[in-house]
1. For chain B, set up a Gaussian network in which alpha carbons nearer than 10 Å are linked by springs, and say which option among B:177, B:190, B:103 fluctuates the most.
2. On the Cα set of the range A:138-184, report Rg and Dmax in Å, please.
3. When you look at the Cβ of every residue in B:118-124, what mean number of other chain Cβ atoms sits within 10 Å?
4. Using only the C-alpha atoms of the range B:127-219, find the volume of their convex hull and express it per residue in Å³.
5. Which of B:186, A:102, A:188 has the fewest other C-beta atoms within 10 Å, and how do the rest follow up to the most?
6. Two-decimal Rg/Rh of chain B from alpha-carbon positions, Kirkwood Rh?
7. If one computes P(r) from the Cα atoms of the range A:1-104, what percent of pairs lie at distances over 24 Å?
8. Please rank B:47, A:18, B:56, fewest neighbouring Cβ atoms within 10 Å first, as an exposure proxy.
């Protein structure tokens, strides 16, 4: 029997991958890379492509984000992995960021666990840790909590002093209005550690840019 | 003028360091490693010691956690760094986990920024991401927030479904009672990815172990 290794490749900077993940990529028989768009580029694959040995098979799988057919696509990916693992292959499944923070890996893994397959997971640098280092700003200090929250849940912020807003796309205006009203100081970071990286503090500039791969680090 | 590079070495597993951090360690003139106890072992240094080149100077600095003299010690460390940077040294400051999540790095950096020194920060794998991969359990999925909270603030948890409890030491009993009362399912992980790693789900076993380096991942 083979094995599935899920790895977090980090935020998209090829040097922000761990030694353990690198080793897994180098030793893989098959690498599966997710893409959010049909026939789209896989950012996870782009991040690690230079580490992949020439004889390694690479498969790109479509994982729609938050769409109705997500479960179905996860099951399709699982069936591919199942077949490979049963033929004694070591399969590496790439995820951007960390595999256990809002990732597509989780949906596929549920099927793997039901079948009792051998699974290993290697953590990755989250987008918010990468962004904090880029702007040299603490995510959280002292004895305070840190709330990581999707943009469309921003109104659930209560008395937290340190927050990270994820999944910002199309919610930028609501989020920034809320943060300003509640006395937060905030920084918007898009494509942290990748080509086209932007750091913005001005509301108008943020609303003009509206990048899909972005987050806000805020505190008050 | 030299430079300060703050790096997250990850949770303590030497393979969970990033390529970027490894490169910084290899190119450092001086490495400064914090230790929580006077004359104690630096976990950060233990994690990366085999990557340090023989001609690199290594200094261990005492950073008491949450003690009254923390600010004073941070300032002492800063003065050391200042002197080195002014003599054109590249100084690497190690932190366990990520430099911007509850770390001692932040206190020292404030002084650096005031003086306008050149600073670079390299993110690290957080203890909670490492623990999630070890137990193969999501930190957060779907459209839910993730609350990272120090143990003595556990009563601030409201309707969050996904939480991580940090700084558990001496608060284990309060935290577990609260989590059980609020219908959480939880896993305790100590020394994630390091020698002596333990994963516990039983309250009595957790209270018996009471490890200083531990956290709880919980959901409901």
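Just so it is clear, none of the values below were taken in a lab; they were calculated from the coordinates. Computed from a prediction, not measured in an experiment: that's the story for all the values here. Every residue, glycine among them, receives a Cβ derived from its backbone with ideal geometry; neighbour counts consider all protein chains shown.
1. Checking each option, the largest mean-square fluctuation is seen for B:177.
2. My reading of the Cα-based Rg and Dmax gives 10.5, 33 Å.
3. Partner Cβ neighbours, averaged per residue: 6.
4. Once divided by residue count, the hull of the range B:127-219 is 82 Å³.
5. Placing the least packed residue first, the sequence is B:186, A:102, A:188.
6. Here Rg/Rh amounts to 1.00.
7. The share of Cα pairs beyond 24 Å in the range A:1-104 comes to 16 percent.
8. So the residues, fewest neighbours to most, are B:56, B:47, A:18.
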